[in-house]
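Scroll down for the structure; my scribbles are underneath it.
The values are calculated or read from the model by the stated rules, or taken from the named source; none is laboratory data. Remember, it's a predicted structure, so these values are computed and weren't measured experimentally. A quick note on method: Cβ atoms are made from the backbone with ideal geometry, for glycine too, and the neighbour counts reach across all protein chains shown.
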Amino acid sequence: MTPASRKPGQGPEPSGRAEDRATYVISVAAELSGMHAQTLRTYDRLGLVTPARTSGGGRRYSSSDVELLREIQRLSQEEGVNLAGIKRIIELTREVDELRARIDEASRRPGGDPDRSGSTTALVVWQPRRGRRTP
């Protein structure tokens, strides 16, 4: 199968590894994830998993999409998380991954200067006071 092109915001870019470039039609992705094709359509409509699309509009699922489908199923069935909660977990996980990538990139720059303007950006961590509680 040929890799489908992804639009920005439609999930991670393929890493170049063969398993990340492979794409699957919805029936194969459903079988690999242990779900029904209609469930995959619903998850796409809800924004939980956004597969690439062919020029004709057909869905093409990557290996990472299939892994995400399995994680959604695990969160739902084993952890009892509802779909709104799962969507939020996915969003937060992606945000953390993006922030980690930005931190890694910034740490590789000379002087650790994340914005290259000469000023250093500090990370401020808020911690609640220990001891007395205010009413």
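Structural remarks
- Scan of the range 62-93 for residues that are acidic (Asp, Glu) and part of a helix (DSSP H, G or I), ordered by number: 65, 67, 71, 91
- Taken together, the residues in the range 52-61 that are in a loop (DSSP other than H, G, I, E, B) and buried (at least 16 other Cβ atoms within 10 Å of the Cβ) amount to 0.
- Qualifying residue in the range 95-110 (condition: polar (S, T, N, Q), closer than 24 Å to residue 21 by Cβ and in a helix (DSSP H, G or I)): no
- Taken over the range 77-135, residues that are at pLDDT 95 or above, of a type in the set (Lys, Arg) and over 30 Å from residue 35 (Cα atoms) amount to 2.
- Checklist (1) in contact with a helix residue (DSSP H, G or I) (Cβ under 7 Å, 6 or more places away or on another chain); (2) touching a residue at least 40 places away in the same chain (Cβ under 8 Å) applied to residue 40, failing item: (2)
- Residue list for the range 53-82, restricted to those being over 14 Å from the mean Cα position of the chain (by Cα) and touching a residue at least 40 places away in the same chain (Cβ under 8 Å): 53, 54, 60, 73
- Residue match in the range 3-25 (condition: assigned to a loop (DSSP other than H, G, I, E, B), surrounded by fewer than 11 Cβ atoms within 10 Å (Cβ to Cβ), aliphatic (A, V, I, L, M) and modelled with pLDDT under 95): no
- Residues of the range 34-76 that turn out to be in contact with a strand residue (DSSP E or B) (Cβ under 9 Å, 6 or more places away or on another chain) and of a type in the set (Asp, Glu), as a count: 2
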